[in-house]
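Enquirer: Handing you this structure, nothing more for now.
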Amino acid sequence: MLIRIALWLFLLCLPLFIVAKALLIFTLFVIASVAMKGALFLMLAGFGLFILAGGIFIFRQLWCIFQQYFSTEQCFQRHMLFVKNQKTNRQRLLYFQRLQLNYFKERQRKKILEKNNRQQIKVLSNAITHELKQIKAQISHEIFSKLELENYRYRLQQNETALLELHNKIATIAGKYKC
């Protein structure tokens, strides 16, 4: 309704401007200035009504949006979405905590396994050294130094399979010389 009135005011101001221009041509300055002022007033009133109609429209839209946003149904839906997001976030957090826990457990297990392997290799190397000392008198110095050097090298390399083979080799050598 306000927009129609504003449009009619614009439409009325245009002929009034034309009349004012015609009066200026006929040198009727007083009547022309009154017509010009009237046309300007109608134009300003039309613009004012347009602005007022736009403001009222925006205010109504904002009011409807606020009513809808703060309605009970929307509040409930937002709360449900919040709870759902919290649940999802907790599940993700739990998943990543499990991953992290498994990672640290596996890391600790590997560390313990490596420590145990080092200890076992040390014990095996000491046993080989002890056996070498026992059969030192029975074998030549070259074989003894070669076996001792292999024991030392395999121990530094942490090569348990080679140490076991060396242990078996020494056991067979010791068995040959016992008979």
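Enquirer: Treating only the Cβ of Lys, Arg, Asp and Glu as charged (+1, +1, -1, -1), what charge dipole size does the chain show about its Cα centre? Round to the nearest 20 debye.
Expert: Result for the chain is approximately 760 debye, rounded to the nearest 20.
Enquirer: So, one more: Taking only DSSP H segments of four or more residues, each worth -39500 (n - 2.57), what value at 222 nm results for the chain once the sum is divided by all its residues, to the nearest 500 deg cm²/dmol?
Expert: Per the formula, -33500 deg cm²/dmol.
Enquirer: If you don't mind, there's one more thing I want to ask. Report, in debye and to the nearest 20, how large the dipole of segment 75-179 comes out about its Cα centre when Lys and Arg carry +1 and Asp and Glu carry -1 on their Cβ.
Expert: 980
Enquirer: Can you pull a Stokes-Einstein diffusion coefficient for the chain at 4 °C (1.567 mPa s), Rh from Kirkwood over Cα pairs, as a whole number of µm²/s?
Expert: 48
Enquirer: Sequence gap of 8 or more, or different chains, plus Cα separation below 17 Å: how many lysine pairs satisfy both in segment 108-178?
Expert: Pairs that pass both the separation and distance tests number 12.
Enquirer: I'd like to compare 155-164, 98-107: which one has the highest average count of other Cβ atoms within 10 Å, and what's the full order after that?
Expert: In descending order of packing, they fall as 155-164, 98-107.
Enquirer: I'd like to compare 2-10, 124-132, 141-149: which one has the highest average count of other Cβ atoms within 10 Å, and what's the full order after that?
Expert: 124-132, 2-10, 141-149
We did not get these values from a lab; they are worked out from the coordinates using the rules stated. Note that this is a predicted model, so its numbers are computed, not measured. Neighbour counts are summed over all protein chains in view; Cβ atoms, including those assigned to glycine, are modelled from backbone coordinates with ideal geometry.
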